Amino acid sequence: PASGMSGLHTRFTVQFVVDDDDGEIANFFRADGGERTESHQHFSVAGTRAFFGALTGVLRLFRGSPPHGWRTVRYGLHRDEILDVRKPEGSAAHSPVVFFHGGGWMMGTKDFYRHDLCFLTEAGFRVFNVEYPKAPEHPHPWILRSVLKSLAFVRSSFSNGAAVHVMGDSAGGN
């Protein structure tokens, strides 16, 4: 752990306000399975990740299989330090784009964005869709170091010294 972080516990809650008059959604995420006792439900990190994982699964059903052409590359030693690469037809006409997914640094996945990033390869950009370790299991500055490592990897392995465009959604845009 980082200096002064040795006593950090991994009990975090994320607060969502949902329109759930009968309490079915909130009760699904309660750790004890009991009835809702307040108008704002606190979801655990695991419950929130499960919810967004299910949402990603539903999107896959509607969107179909990921577009062809993506390949996965490891940029670090941690199991989540991977990125997907998709290159344009022909040669890349522009500097590469590195995309970081959203999710408050605690949830989300690169897989959620595979379809949405294809327009960039169609426009001549090579695209890197980055996965990174999540909080609270990996407190600051772990995630920052991981995303910087991914950028260094892309620059040294794929950009030929050219500039790299960086973009992201929500937390990934920060």
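In this simple spin-label model, placing a label point 7 Å from the Cα along the Cα-to-Cβ direction at both His115 and Phe52 gives a separation of 1.9 nm.
Residues whose amide H lies under 5 Å from that of Tyr75, counting only those 5 or more places away or on a different chain, are Ile82, Leu83; hydrogens are built 1.01 Å from N in the peptide plane. With every protein chain present, what accessible area does Phe153 have (1.4 Å probe, heavy atoms only), rounded to the nearest 10 Å²? Spelled out: Phe153, probe radius 1.4 Å, area about 50 Å².
Cβ under 14 Å from Glu89's Cβ, Glu89 left aside: what net charge do those residues give with Lys, Arg +1 and Asp, Glu -1?
+2
Each Cα pair under 8 Å and six or more residues apart adds its separation to the average, and for the range 63-174 the resulting relative contact order is 34 percent.
Multiply the residue separation of His165 and His94 by 0.36 nm, subtract the distance between their alpha-carbon atoms, and state the gained length in nm to one decimal.
Extending this stretch completely gives an extra 24.6 nm.
The solvent-accessible area of Leu148, taken with every protein chain present and a 1.4 Å probe, is close to 90 Å². Computed with every protein chain present, the accessible area of Tyr75 is close to 20 Å² [probe 1.4 Å].
Accessible area per residue (1.4 Å probe, heavy atoms of protein chains only) ranks Glu131, Glu122 as Glu122, Glu131, with the largest value leading. Rounded to the nearest 0.05, the FRET efficiency derived from the C-beta distance between Ser156 and Ala123 at R0 = 35 Å is 0.90. For Gly103, the amide hydrogen comes within under 5 Å of the amide hydrogens of Ala171, Gly172, counting only partners 5 or more places away or on other chains and with H modelled in the peptide plane. Would you mind computing, in nm to one decimal, how far apart the modelled labels at Leu148 and Arg74 are, each placed 7 Å from Cα along Cα→Cβ? About 2.3 nm, to one decimal. Near the amide H of Val166, within less than 5 Å, lie the amide hydrogens of Val98, all on another chain or at least 5 residues away, with H placed in the peptide plane. In this entry, the range 59-167 is assigned a mean projected area of 7.0 nm², taken as a quarter of its C-alpha convex hull surface. Put Trp70, Trp142 in order of accessible area, highest first, and with a 1.4 Å probe you get Trp142, Trp70.
The values are calculated or read from the model by the stated rules, or taken from the named source; none is laboratory data. All values reported here derive from a predicted model rather than from experimental measurement. Positions of Cβ are backbone-derived with ideal geometry, glycine not excepted, and every protein chain shown enters the neighbour counts. The accessibility values were calculated without ligands, DNA or RNA, using every heavy atom of the protein model including side chains. Shrake-Rupley method; radii C 1.70, N 1.55, O 1.52, S 1.80 Å.
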